[in-house]
1. Only helices at least 15 Å long along their axis, Cα-based, and averaging -1.0 or more on Kyte-Doolittle count here, so list those DSSP H runs from the chain.
2. Before I look further, what does the chain give for accessible area per residue, probe 1.4 Å, in whole square angstrom?
3. Quick check: convex hull of the Cα atoms in the chain, volume per residue, rounded to a whole Å³?
4. State the three equivalent ellipsoid semi-axes of the range 411-471, derived from the C-alpha gyration tensor as the square roots of 5 times its eigenvalues, in descending order and whole Å.
5. Kindly rank 288-297, 24-33 from highest to lowest mean number of other beta carbons found within 10 Å of each residue.
6. What number comes out for the charge environment of His94, summing +1 per Lys or Arg and -1 per Asp or Glu over other residues with Cβ under 14 Å away?
7. How large is the Rg to Rh ratio of the range 1-128 when both quantities use alpha carbon positions and Rh follows Kirkwood?
8. Defining a contact as two alpha carbons under 8 Å apart and six or more residues distant in sequence, what relative contact order in percent does the range 306-430 show?
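The values are calculated or read from the model by the stated rules, or taken from the named source; none is laboratory data. All values reported here derive from a predicted model rather than from experimental measurement. Counting neighbours? That spans all protein chains shown, and the Cβs are built from the backbone with ideal geometry, glycine included. Side chains are part of the model used for accessible areas, which takes the heavy atoms of the whole protein and leaves out ligands, DNA and RNA. Shrake-Rupley method; radii C 1.70, N 1.55, O 1.52, S 1.80 Å.
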Amino acid sequence: MVDQCNGTLFGDGGPAEFLHVPHLRRLYSQGINFANTYCASPLCAPSRASFMSGLLPSRTAVYDNAAEFASSIPTFAHHLRRAGYETTLSGKMHFVGPDQLHGYETRTTTDVYPADFGWTPDWRKPDERIDWWYHNLGSVTTAGVAETTNQLEYDDEVAFFARQRLHQLARREEDRPFCLTVSFTHPHDPFVTRQKYWDLYPEDKMPSLQQGTIDYEDHDPHSRRLLDMSDWRNFDTTDQKVIDSRRAYFGNISYIDEKIGGILETLDACQFTEDTIVLFVSDHGDMLGEKGLWFKMSFFEGSSRVPLMIHAPQRYDACTIKEPSSTLDVFPTLLDLAGAELPDDLDGISLMPAMDGRDETRQVISEYAAEGSISPMVMLREGRYKLNVCPADPDQLFDLDADPNETVNLALEAAHADLYQSMRAHIDSCYDFEAFNQDVLASQKRRLVVYDALRNGNYYPWDYQPLQLASERYMRNHKDLNVLEGNARFPRHDGNET
């Protein structure tokens, strides 16, 4: 899993031609590519809780990046573990609350983001900008090259411990199947990459903006709120800085590709390749300057659409599936592939029928109720059309085949009245927007009180502390050196030579 990877870069033909991603390109050429996959919510924590649980944010109550993911909600890690799988997480999952495992037996790293309620939005103050944690366009104006950053350091560690975990799994005595989730924080901003990845994307070969920029006054209300939230007036996002930001972003996709290549190499060296399925997905996308917008938090394609590939050449021929799908579908698909029992209350569906050639038309829903919004927002993708609904804003209906840049709102056009009314009726049948709104407000209000209280006096954070018992690592005097060295070797030596 990667973070903030724009799904329009992984369309019908796989990774865009200009991307230097040999390992992802190989997964695509040998796997199944779901070309129109949407996140359950275009923000980290809500999307990831939904990815893990198969439930929309309105059911998990993980509305934003500081909403607790309840321990009582089963995840695919719980279900696979129940079915006999060994479950490990290396990297980010942005779990908020005291439970930092959610079904994983082992977690190799801490998270890159805080686990408490500090990032709680407050819809009671819609015009307030929370400077200390809101996104701003400093990520754009400071784009460039660095040898290391907070996030590069993190993902280097994630990849190292993932490969180490594969070595440990190869050497173990028991023969349980495993599920290893490797979750990187790149290519999420800040837009800073190492020199060798920056050099892969010469400025004169950079793809141009497809949708250009839009004047503030011409944006829809939600996009104007996102621009205000990012403090756009105080940052000079020049054309050069747009190019630099995209160059670093693409460089970080290549950086992640290299990390994925190392994991695949270790998987092969540990003799796991033949019976291991590899799934590649992102939690949400990034607008990358299209329409003048950055980051996520929007239902536009760059923000809400994500890559999804399943590599199982031993079971499926390579193909591209164009019917809409969702990150909610990962949970039931993993269980289906593993032969585990599927719950009957999920918002996602198994993609195995589609993978078996029994594709059916379906509707995909995404939600947003976090910073930059003032009321719950819902997106419905049906065939070639996308409808965005928010009680505070005018509805938006786009024909993604005829208008891939989402510039023409068809919601009020007579020629599309029947389609619009049908899609709107479907959303209205699924949501009580006033109740949804009150649930979000109540959750925010409670968490803001709890956070203020817990920061007074002794503060005990919920951030995950990886446990390593030093007395059981490497060579210690309660161990037989010869036994230790023999057991730590893979493949094992047969012991016949003197």
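1. Numbers: long enough: 150-171 (32 Å, -0.88); 239-269 (45 Å, -0.33); 417-430 (20 Å, -0.34); 433-454 (31 Å, -0.05).
Passing helices, by number: 150-171, 239-269, 417-430, 433-454.
2. Values: 21830 Å² over 498 residues.
On a per-residue basis, the chain sits at 44 Å².
3. Spread over its residues, the Cα hull of the chain gives 168 Å³ apiece.
4. Details: eigenvalues 442, 77, 17 Å².
Equivalent ellipsoid of the range 411-471: 47, 20, 9 Å, largest first.
5. Working: 288-297: 25.2, 24-33: 20.3.
Averaged packing, sorted descending, gives the order 288-297, 24-33.
6. Combined, the nearby Lys, Arg, Asp and Glu give -4.
7. On the way: Rg = 16.8 Å, Rh = 16.5 Å.
Ratio value, two decimals: 1.02.
8. Details: 149 pairs, mean separation 17.9, N = 125.
Relative contact order of the range 306-430: 14 percent.
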